[in-house]
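Notes follow once the structure below has been shown.
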Amino acid sequence: MSTAFMKEESAETAAETVLPDRPISPHPNLVTEAGLKALEFQLQEARKAYETASAIEDINERRRQTAIPLRDARYFAERLRTAEVIATPTSTEIVAFGSKVTFSREDGRVQTYRIVGEDEADPKAGSISYVSPVARLLMGKRVGDVMSLGNNELEITAIE
């Protein structure tokens, strides 16, 4: 019988379905309480996707469909293992992890961001990572402080 009709998989095909791990940041894995819950949810979703893909009968297709959820599950499990929950700041005097900061730019734009962990950062939704250049510049500052970011100046107008 020709091997073209066999369901056995070659070593080359198997190697194609093993994805490299997602890169893990070298920075401490600081998270808000909401960020921790989001990581738990994402791990749960990756495990569900893996279980669903594991039910596929065709071995080649099963390996292809399980590759991404398996990689994601490893990533989120590691991020949960190393997560350090930082409580919401009680003071609005100084910008800290978890603070919501409003600042104005020289060009008149006013922006507001909450400083959060790397995995929960979403600038379009109003949150930035604590390791981002803007967040690092803002941390430890007070309302009225003016900082330089490249050729731009930022002035903190509110801290929540």
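The values are calculated or read from the model by the stated rules, or taken from the named source; none is laboratory data. Since the structure is predicted, the reported quantities are computational estimates derived from the model, not experimental observations. Virtual Cβ from ideal backbone geometry, glycine too; neighbours counted across all protein chains shown. All accessible areas refer to the heavy atoms of the entire protein, side chains included, with ligands and DNA or RNA removed. Shrake-Rupley method; radii C 1.70, N 1.55, O 1.52, S 1.80 Å.
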So what are the chain's ellipsoid semi-axes, whole angstrom, largest first, if each one is the square root of 5 times an eigenvalue of the alpha-carbon gyration tensor?
45, 16, 12
Residues of the chain: accessible area per residue with a 1.4 Å probe, Å²:
63
Taking the Cβ of residue 53 as the centre, find all other residues whose Cβ is under 13 Å away and add up their charges (Lys, Arg: +1; Asp, Glu: -1).
0
Please list, by residue number, every one of the trypsin sites (Lys or Arg not before Pro) in region 125-160 that is coil in DSSP and has at most 11 other beta-carbon atoms within 10 Å.
142
Near residue 90, within a Cβ-to-Cβ distance under 15 Å, what is the net charge of the other residues, with Lys and Arg +1 and Asp and Glu -1?
-2
Local electrostatic count, residue 113, Cβ distance below 13 Å [Lys/Arg +1, Asp/Glu -1]:
+3
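Keeping to pairs on different chains or 8 or more places apart, tell me how many lysine pairs in region 14-160 have Cα atoms under 23 Å apart.
For region 14-160, the number of qualifying lysine pairs is 5.
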Measure nothing fancy, just the Cα-based angle from helix 59-82's long axis to the longest principal axis of the chain, in degrees from 0 to 90, nearest 10.
30
Scoring the chain by relative contact order with C-alpha pairs under 8 Å, at least six apart, yields a percentage of 22
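So if each residue of separation counts as 0.36 nm, and I subtract the Cα-Cα distance between residue 54 and residue 87, what length gain in nm does that give?
Result: 8.0 nm gained on full extension.
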When the helix-only estimate is applied to the chain (DSSP H runs of n ≥ 4, each -39,500 (n - 2.57), divided by the residue count), what is the mean residue ellipticity at 222 nm, nearest 500 deg cm²/dmol?
-12000 deg cm²/dmol
Could you check how much of the accessible area of the chain is carbon and sulfur, as a whole percent, using a 1.4 Å probe?
52
Inter-centroid distance (Cα atoms) of region 58-82 relative to region 113-140, Å
27
Within the set 74, 22, 47, GNM on the chain using Cα springs under 10 Å gives the largest fluctuation to 22
